[in-house]
1. Quick check on packing: order 44-56, 212-224 by the mean number of other C-beta atoms within 10 Å, highest mean leading.
2. Would you list E174, E83 from the most to the least accessible area, probe 1.4 Å?
3. I want to make sure I understand the PRE zone here: with the label point 7 angstrom from the Cα of D219 toward its beta carbon, which residues in segment 159-179 have backbone N atoms less than 11 Å away?
4. Which whole-Hz couplings ³J(HN,Hα) result when phi for each residue of segment 143-154 is put into the Karplus expression 6.51 cos²θ - 1.76 cosθ + 1.60, θ = phi - 60°, listed in order with x for Gly and Pro?
5. What is the packing order of peptides 84-93, 183-192, taking the mean over residues of other C-beta atoms within 10 Å and listing the highest first?
6. 7 Å from Cα along Cα→Cβ at both N163 and T140: what's the point-to-point distance in nm?
Amino acid sequence: MARTNSYGRLRRLELLAAHLKQDGFCTIKDLAELHLVSKRTIARDLQLMRDQGLPIDADRGRGGGVRLDRNWGVGRLNLSYTEAVDLLISIAVAEQMNSPIFLANLGSIKRQLVASFAPDKRNRVERIKSRILIGATASTTVQGTIAPSGNRVIQTLHQSFLNQNSILIRYQDEGGRTTTREIEAHYLLLNYPVWYVLAFDHFRAAPRTFRCDRIVEADTSTTRFQLLPKDSFKQTFEGYGLENLKAALSRAE
C-alpha cells in the first residue's frame, strides 16, 4: 500500500507541475478539487516541490493562488500506460483520417510510444486500435444536433471500452425518449465529428449502435465481455444513417 501511495504522490507532483506551467495561476482549492485531495495535501505537495527547487510563487490572502515561473520547464515527459495508449490511439485515428497537417513526425512519435510498452502490452494496444473504425464525415444535419458530453460519461465509456467491462447507461434517442440499457462497448466508430459506440445491448439482446453524445449517464460494472466480430454489427447501421460506413467495416476486417 505504501508503494502505491508513493507512486500516486509522485504522479500527482508531476501533474501539478504540468498544470501550473500550462495554466499559470491556480488556487489551492482548485488544485485540490482537480486532484481529489485535501487543500492541506496540496499545500504539502507544493512545499515539497519548492524544496526540490521549483520556482513556485504564492499570493497570500483570500483568493490567493500559486504559479510556476513561465520560463521554467517541467522536465521530461512521463506518461502513464493509459495516457500512452490514448496518445497512440489518437495518432492512429489521425493517420486513418489521412489528414495532411501535422503528420510529418507522427511515425517517429508512434515508434517511441510502441517501444515503451512490454511485448504483451503492445499486442493489447494493437487489439484496441483494431476496435476503432473511421468512416465518412457526418452530414451537416447530424453535426447540428451534437450535444456536449459530460466528463464522467466520457471517462466511464473510455475505461469500459479499454477494459472490456459492460456499462449501465441512460440513453436519449433522436425523439428525446430516455431508456436505461446495459451495453458492452465492442467498437468505436468515428463519423467525424460524431463518435458512435457499436455495442451489444442486453436490453435488446442484440448488437446496437449508440451515439456517444446521447449517453446522458454511465456507470461501469465489474462484468467483463468477449468481443463479437465486426461483421456482427453490419445490420445495426440501418435506421441510424450509417449505411455508408459498411464499406469502412469491410476494409477494417
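The values are calculated or read from the model by the stated rules, or taken from the named source; none is laboratory data. On a predicted model such as this, the values are computed, not experimentally measured, just so you know. Cβ coordinates were reconstructed from backbone atoms using ideal geometry, including for glycine residues, and neighbour counts include every protein chain displayed. Heavy atoms of the whole protein, side chains included, go into the accessibility calculation; ligands, DNA and RNA do not. Shrake-Rupley method; radii C 1.70, N 1.55, O 1.52, S 1.80 Å.
1. Numbers: 44-56: 14.2, 212-224: 15.8.
Output ranking for 44-56, 212-224: 212-224, 44-56.
2. Working: E174 160, E83 65 Å².
Result, largest first: E174, E83.
3. Answer for this model: 168-170.
4. So the J values, rounded to whole Hz, are 4, x, 9, 5, 10, x, 9, x, 4, 5, 4, 4.
5. Details: 84-93: 17.0, 183-192: 22.1.
Highest-to-lowest ranking by the protection proxy: 183-192, 84-93.
6. Output for this residue pair reads 4.3 nm.
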